[in-house]
Amino acid sequence: MTNTGIASIGLHLPTLAMRVDELATLRGADPDKYTIGLGCREIALCGDGEDVVSLAVEAAKRALSRWDGDLQDIGMIAVGTETAKDMSRPLSAWVAGELGISGQVRSYEVKHACYGGTLALRQAVEWRLSGAARGKAALVIAADVALYAPRDPGEPTQGAGAVALIVGEPTVARVDPVSYAWSEPAFDFWRPVGQAFPSVEGPLSLDCYMRAAESCFGAFAEEHGGLEAALNDLESVCFHVPFPKMVKKAVRHVAERSGWDAEKAAEFYEQKVDPTMRWNRVSGNAYTASLWISVASALAGRPIGKRIGAFSYGSGFGAELLLLDAGPEAATGAWAADVDVDLSARQLIDSSAYNELRA
Ligand code: CAA
């Protein structure tokens with residue numbers, strides 16, 4: 001059986017957000033640095049009563065509500081996150097408690113910085129392909145609240161959000177069993193036990209991301225007759241989006257390594273990559289959820305059989321390039337309504353409200 005994948009998608013963004021040009025004014029920075037230099041627009045923020053659990057639960061409820069199975073058909077719940085609530089108890093236990101999932105279910109949390117959600121998805125896919133699932137589906141959630149210390153250079157790249165994926169029949173997308181992984185131990189971005197906000201080696205993190213992209217796309221290209229032939233097969237290519245400019249830099253880097261000129265790389269980026277980040281520009285970096293927000297956007301409205309790429313990166317570092325083929329339900333893109341509902345209800349806050357929130 002090689003036919004497994006995503007049967008339903010649910011997304012959730014929190015109720016508050018702030019424009020990055022407002023943040024720039026607060027920090028005495030040039031707004032163009034955040035909007036043009038980093039490519040950011042708005043950062044999603046949690047309001048009262050919201051946290052990584054409430055985001056994950058709401059995304060899961062939305063995915064379950066448009067799936068034709070029920071809770072008894074779930075045999076695994078795996079949550080990828082770096083917003084740990086506890087060093088022992090997995091986030092999946094909070095989510096399963098809220099959803100009423102228990103019994104013959106494997107329930108766990110996956111941690112590998114922003115790569116954790118992708119690892120959870122791969123494990124679910126491989127669990128189904130192995131036969132161990134015995135026809136059961138998996139509920140995979142990528143959820144994070146990304147906050148940096150006030151005035152940290154990462155502050156304009158903050159964000160939050162959750163994506164829930166039901167892994168079962170590939171009605172929304174088939175996930176190719178073959179993927180291209182790469183890892184190298186590095187201290188580019190990490191958060192020691194007990195430390196509230198991450199430590200970041202900014203320039204190193206950019207280098208690691210680009211090296212990871214070069215390695216994953218390089219392996220993919222090698223098996224498919226070169227980069228051009230490999231990418232021609234893809235209708236869209238989604239990336240982990242710490243901030244949109246990072247993705248642009250990575251595309252340019254991968255293209256340059258294959259001998260493409262700047263014009264060709266820019267054309268590829270404009271056509272196949274930039275449009276996938278429309279929701280990331282209003283969520284900010286949602287860590288594990290970031291890539292899957294982009295994938296959800298790229299799949300919505302996609303005709304059956306069309307193939308997309310999904311490049312996952314997690315500091316530390318680990319990366320993987322996945323391939324997905326749109327299924328019959330991708331064309332309806334029902335999950336786009338989740339983002340519309342959240343964006344129309346959310347409140348844009350100003351600097352003084354942001355200061356209060358951070359205090
Ligand atoms: N107008 C237009 N552009 C301007 C500008 C202005 N007035 N002032 C500066 N810029 C440009 C700069 O030229 C630069 O662009 P280029 O890189 O294309 O030259 C860009 O704005 C950013 O400027 P700086 O490099 O000076 O910014 P910084 O050092 O203050 O912060 C950062 C950048 C280090 C990436 C910081 O945002 C950060 O620490 N982010 C968190 C780490 C991160 O996201 N790393 C990405 C890879 S790791 C990963 O992907 C995991 C993850 O999710 C965290």
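The values are calculated or read from the model by the stated rules, or taken from the named source; none is laboratory data. As the structure is a prediction and not an experimental result, all values here were calculated from the model. Positions of Cβ are generated from backbone atoms using ideal geometry, with glycine treated the same way; all protein chains shown enter the neighbour counts. Keep in mind that these areas ignore ligands, DNA and RNA; they rest on the heavy atoms of the full protein, side chains included. Shrake-Rupley method; radii C 1.70, N 1.55, O 1.52, S 1.80 Å.
Side notes on the structure shown:
- A229-D51 pseudo-label distance in nm [points 7 Å out on the Cα-to-Cβ vector]: 5.3 nm
- Estimated FRET transfer efficiency (E222, W190; beta-carbon r; R0 45 Å; 0.05): 0.90
- Note that the chain carries a Kirkwood radius of 20.2 Å, evaluated over its alpha carbons pair by pair.
- Close Lys pairs in the chain (alpha-carbon distance under 24 Å; sequence gap of 8 or more, or different chains): 18.
- Annotation: the antiparallel percentage among DSSP beta bridges lying fully within the chain is about 70.
- Of all accessible heavy-atom area on the chain, the percent that carbon and sulfur account for (1.4 Å): 50 percent
- Euclidean distance of C-alpha centroids, the stretch 297-359 and the stretch 127-188, integer Å: 11 Å
- Cα gyration tensor, the stretch 268-351 - rounded (a/c under 1.5), prolate or oblate: oblate
- Charge context of S130, other residues only, Cβ under 14 angstrom, K/R +1, D/E -1: +4
- Paramagnetic label zone (point 7 Å from Cα along Cα-to-C-beta, T15; backbone N under 16 Å) in the stretch 43-80: 44-59
- Surface per residue (accessible, 1.4 Å probe) for the stretch 208-267, Å²: 44 Å²
- Computed accessible area, C40, all protein chains, 1.4 angstrom probe, square angstrom: 20 Å²
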